[in-house]
Amino acid sequence: MTLRVESLQRSHRALLAAFQNQHPSLVEYIKRYALRHGERDLLARTYLAIDDTGGKDRLAGYFSLCNVSIERASVGRLPQLDRLPRFPIPGLLLARLAVDSRVQGQGLGRYLFEEALGITLQLAQTGPSAFRVLVTDAIDKSAVSFYERFGLVRLSEVFPCRMVLDLKTLLPK
């Protein structure tokens, strides 16, 4: 599989129709809302993993990023955040991450997460505003296990399960 990651544009519309995933909400989001949220509503930016194997482009997966803040009291499971002031902690939300069901099990989820984390760390270092955490809402137990492998910590046991990664240890000092 030969992949390239691109920010979602109108020119990608034809690729979106064939996307498949076991979670209908992730399929509906990419087909119906992602472009609108990026262009008109300015709510999230979506990045596509495009497989161009065989000379024909196909959407293999995607992730969406947006701004978020989390209540200071909700991060009690992260002792390294105890010394922060008692106001909401700014972060970047990995709002969605999905892999087409036809290519699951090939490491694409890991690839997409690493791409999202790379963008997040770049923004945290040089972006126009500061933030401390990467946040996601795991859709099910499988997603929780996936994110825990990358060091995200659960803040809840209810699904969708809010999870957080403190970025301070990943940034140069």
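Each value in this text was obtained by applying a stated rule to the coordinates, not by laboratory testing. Keep in mind it's a predicted model, so treat the numbers as computed, not measured. Cβ placement follows ideal geometry from the backbone for every residue including glycine, while neighbour counts extend to all protein chains displayed.
Please list the non-local residues whose amide H lies under 5 Å from the amide H of Asn21, H modeled 1.01 Å from N, same-chain partners needing a gap of 5 or more. Under 5 Å from the amide H of Asn21 lie the amide H atoms of Ser101, each far enough along the sequence or on another chain.
Legend: P(r) of the chain from all alpha carbon pair distances, 10 Å bins from 0, whole percents, reading 9, 38, 35, 15, 3, 0.
Listed by chain and number, the lysines placed with their C-alpha closer than 28 angstrom to that of Lys141 are Lys31, Lys168; residues fewer than eight positions away on the same chain are left out.
Here the Karplus relation 6.51 cos²θ - 1.76 cosθ + 1.60, evaluated at θ = phi - 60°, turns the backbone of the range 7-23 into coupling constants of 6, 4, 10, 4, 5, 8, 3, 4, 6, 5, 4, 8, 5, 10, 7, 5, 9 Hz, with x for every Gly and Pro. Once the Cα gyration tensor of the range 1-91 is diagonalised, what are the square roots of 5 times its eigenvalues, in whole Å and ordered largest first, as equivalent ellipsoid semi-axes? Working through the eigenvalues yields semi-axes of 34, 15, 12 Å.
When each of the peptides 87-94, 29-36 is scored by how many other beta carbons lie within 10 Å of its residues on average, the order from highest to lowest is 87-94, 29-36.
Which value, in debye to the nearest 20, gives the size of the charge dipole of the chain about its Cα centre, when Lys and Arg are +1 and Asp and Glu are -1 at the Cβ? Mind showing how you got there, number by number?
On the way: 24 positive and 17 negative charges, 50 e Å.
It works out to roughly 240 debye.
The residue list Gln9, Leu97, Gly38 was ranked by how far each Cα lies along the charge dipole of the chain toward its positive end, using unit charges on Cβ atoms, and Gly38 comes out on top. Based on Cα contacts under 8 Å between residues 6+ apart, the chain shows a relative contact order of 18 percent. Using the alpha-carbon positions of the range 55-141, Rg (one decimal) and Dmax (whole number) come out as 15.5, 53 Å.
With θ taken as phi - 60° and the Karplus curve 6.51 cos²θ - 1.76 cosθ + 1.60 applied, the whole-hertz 3J(HN,Hα) list for the range 62-72 is 7, 9, 10, 10, 7, 7, 7, 9, 10, 5, 4 Hz, x standing for glycine and proline. For the chain, the longest principal axis of the Cα atoms and the long axis of helix 108-126 meet at an angle of about 50 degrees. Helix-only arithmetic for the chain: the sum of -39500 (n - 2.57) across DSSP H runs with n ≥ 4, divided by the residue total, places the mean residue ellipticity at 222 nm at -6500 deg cm²/dmol.
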